1. Would you compute, from DSSP H runs of 4+ residues alone, the mean residue ellipticity of the chain at 222 nm, taking -39500 (n - 2.57) per run and dividing by the full residue count, rounded to the nearest 500?
2. From the list [x] 195; [y] 86; [z] 173, can you say which value of volume of the Cα convex hull per residue in Å³ was derived from the structure given?
3. How tilted is helix 17-35 with respect to the longest principal axis of the chain? Cα atoms for both, answer in degrees (0 to 90, nearest 10).
4. With the crude spin-label approximation of a point 7 Å out along Cα→Cβ, what separation in nm comes out for residue 32 versus residue 67?
5. What residue among 44, 64, 17 has the largest mean-square fluctuation in a Gaussian network model of the chain, using Cα springs under 10 Å?
6. What is the Cα centroid distance between region 24-39 and region 42-70, reported in whole angstrom?
7. In degrees, nearest 10, range 0 to 90: what is the angle between the Cα axis of helix 3-12 and the longest Cα principal axis of the chain?
8. I want to verify a result. In a Gaussian network model of the chain, Cα cutoff 10 Å, which of these has the top mean-square fluctuation: 59, 39, 11?
């Protein structure tokens, strides 16, 4: 770790939580850009798991439901 980064992270400990959250999001974006690996947040992971559970249970949107979702974008 570079001294500049270490110093910044130490200072960030005193920032408001919202600012720390912004820093974390920025760091995740940088990590993704340099590694090509996107790491899911807990909320994203829960959404994926729910979608997989729905798929396994055979719960799918009808063609009409899908068309209704995309209708505004096609207009």
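Readers should treat all values here as calculations from the given coordinates under stated rules, not as data from a laboratory. Fair warning: this is a prediction, and the values are worked out from it, not measured in the lab. Note that each Cβ is placed from the backbone with ideal geometry, even for glycine, and that neighbours are counted across all protein chains shown.
1. The per-residue figure over the chain is -24000 deg cm²/dmol.
2. Only one option fits the structure, namely [z].
3. 80
4. 3.3
5. 64
6. Taking the Cα centre of region 42-70 as reference, the centre of region 24-39 is 26 Å away.
7. 70
8. 11
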